[in-house]
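Presented below is the structure to which this report refers.
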Amino acid sequence: MSARTEDFLKEQINCPVCQCARSGAVSASGPDFEYDTVAEEFSFVRCPECGVLYLNPRPEISELERIYPPDYNPYHFDDSRTLTVRIRHWLEISKAKSFKDIIPESAVILDGGCGGTGFLDSLRQASPSGWSLWGNDIDPAVLERIEEAKFNVLPGRFEDLSGYDDFFDVIFLKQVMEHLARPRQTMLSAACMLKPGGILVVETPNENSWDAEWFAGRYWGGYHFPRHWTIFNRVSLSNLGAMVGLEVVDVSFMLSPSFWVQSVHHFLKDNRWPLWTRSFFSHVNPLAMAAACVMDVLQLAISGKTSNMRMIFRKRT
């Protein structure tokens, strides 16, 4: 897809976590390496108060349809038949099963910003019959798929949801926080919707990792210009939870081979390497993904972390 050349609307913002108006130093800059949706370059700055990385200026909400094109990969997790997506589906089922020990048998569960039925299907396969499964999204096509699959539907932007106070036992926000305009309001909405003692599971990129450090400044896949708007680490995410009355009960790190693959792809593309070299480093290439998995297994064994972080919060009773 070639870059769009017409005017692109961006907005200057305060820190989306603590609202600090002082913009810190630029930490990374780059274009849309993956989809070439616009010709602009974007920058992440670090908040001098809370330390979070955020895109500034960032696309206006009206530009979302442009920066999330129809061929955006996550849109097709439900229907893809590639080997890597099949492996991903198997891992999702394993992940769902791992939560059975901490989720009550009669739990009401929400997959926020789900983008499809993939994880809901995994929860259904892993769950006792008493789990009530809900899917949230803003895309009408996604909502239709959720309804057709016989899950409960909760439409709308997650951070704007209302009328469900103290309703859910568990809320999942998997690879969602980094995309949203108001991460603090998102966490507050989750805290309000959880029952006392309820659990929030957040999965999001972690900037404190080998690949983030080695490809810092421009090429790291976790930047995902211009679709990732806020990037956390263990400290900044736990502090955000504390702001809204959520306490951390567990932190873990998972493999993230796609960030390694994307990082190398971005470096090669930016430095005009031949197309065949860049094409090898793709999330649909099982050889590249397997090599990246080896790197992440090594990283996890040595450092205890990766660029894919899972933090589990509990609402205080």
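Among (1) closer than 30 Å to ILE103 by Cα; (2) out of contact with any helix residue (DSSP H, G or I) (no Cβ under 9 Å at 6 or more places or on another chain), which single condition is TRP276 missing?
(1)
Can you work out which of the residues in region 234-269 that are of a type in the set (A, V, I, L, M, F, W, C) and not in a helix (DSSP H, G or I) is nearest to GLY197 (Cα to Cα)?
My answer is LEU246.
What's the number of the condition MET187 fails, among (1) over 22 Å from ARG58 (Cα atoms); (2) in a helix (DSSP H, G or I)?
MET187 satisfies all of (1) over 22 Å from ARG58 (Cα atoms); (2) in a helix (DSSP H, G or I) except (1).
Could you tell me whether any residue of region 149-172 is closer than 30 Å to SER27 by Cα, in contact (Cβ under 8 Å) with a residue 24 or more places away in the chain and touching a Cys at 6+ places or on another chain (Cβ under 9 Å)?
Yes, region 149-172 has at least one match.
Tell me which of these TRP276 doesn't satisfy, since it passes every other one: (1) surrounded by 18 or more Cβ atoms within 10 Å (Cβ to Cβ); (2) assigned to a helix (DSSP H, G or I); (3) free of Cβ contacts under 8 Å to residues at least 60 places away in the same chain.
The failed condition is (1).
I'd like to verify a number: residues in region 249-260 that are crowded, with 23+ Cβ neighbours inside 10 Å and of a type outside the set (S, T, N, Q), how many?
3
Can you tell me which condition ALA288 does not meet? The list is (1) surrounded by fewer than 18 Cβ atoms within 10 Å (Cβ to Cβ); (2) within 20 Å of PRO74 (Cα to Cα), and all the others hold.
Status for ALA288: all satisfied but (1).
Select from region 284-314 the residues that are closer than 20 Å to ARG234 by Cβ and either in contact with an Asp or Glu (Cβ under 7 Å, 6 or more places away or on another chain) or not in a helix (DSSP H, G or I) (or both) and list them in ascending order.
Passing the criteria: GLY304, LYS305, THR306, SER307, ASN308, MET309, ARG310, MET311, ILE312, PHE313, ARG314.
From the list PHE168, PHE172, PHE99, pick out the single residue that is of a type in the set (Phe, Trp, Tyr) and at pLDDT below 95.
PHE99
For every residue, the table says whether it meets (1) modelled with pLDDT of 85 or more; (2) in a helix (DSSP H, G or I).
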{"residue": "PRO48", "(1), (2)": "yes, no"}
{"residue": "TYR54", "(1), (2)": "yes, no"}
{"residue": "GLU65", "(1), (2)": "yes, yes"}
{"residue": "PRO69", "(1), (2)": "yes, no"}
{"residue": "VAL85", "(1), (2)": "no, yes"}
{"residue": "PRO104", "(1), (2)": "yes, no"}
{"residue": "ASP121", "(1), (2)": "yes, yes"}
{"residue": "LEU133", "(1), (2)": "yes, no"}
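Among residues belonging to region 22-34 that are surrounded by fewer than 17 Cβ atoms within 10 Å (Cβ to Cβ) and at pLDDT 95 or above, point out the one that is farthest from ARG218 (Cα to Cα).
Once the filter is applied, the top-ranked residue is VAL26.
Determine, yes or no, whether ASP270 is among the acidic types (Asp, Glu), surrounded by fewer than 16 Cβ atoms within 10 Å (Cβ to Cβ), farther than 23 Å from PHE33 by Cβ and modelled with pLDDT of 95 or more.
Criteria not met by ASP270.
Every residue in region 119-139 that is of a type in the set (Gly, Ala, Ser) and surrounded by fewer than 19 Cβ atoms within 10 Å (Cβ to Cβ), please.
Within region 119-139, ALA126, SER129, GLY130, SER132 qualify.
The values are calculated or read from the model by the stated rules, or taken from the named source; none is laboratory data. In this text the structure is predicted, and so the values were computed from the model without any measurement. Cβ atoms come from the backbone with ideal geometry, glycine included; neighbour counts cover every protein chain shown.
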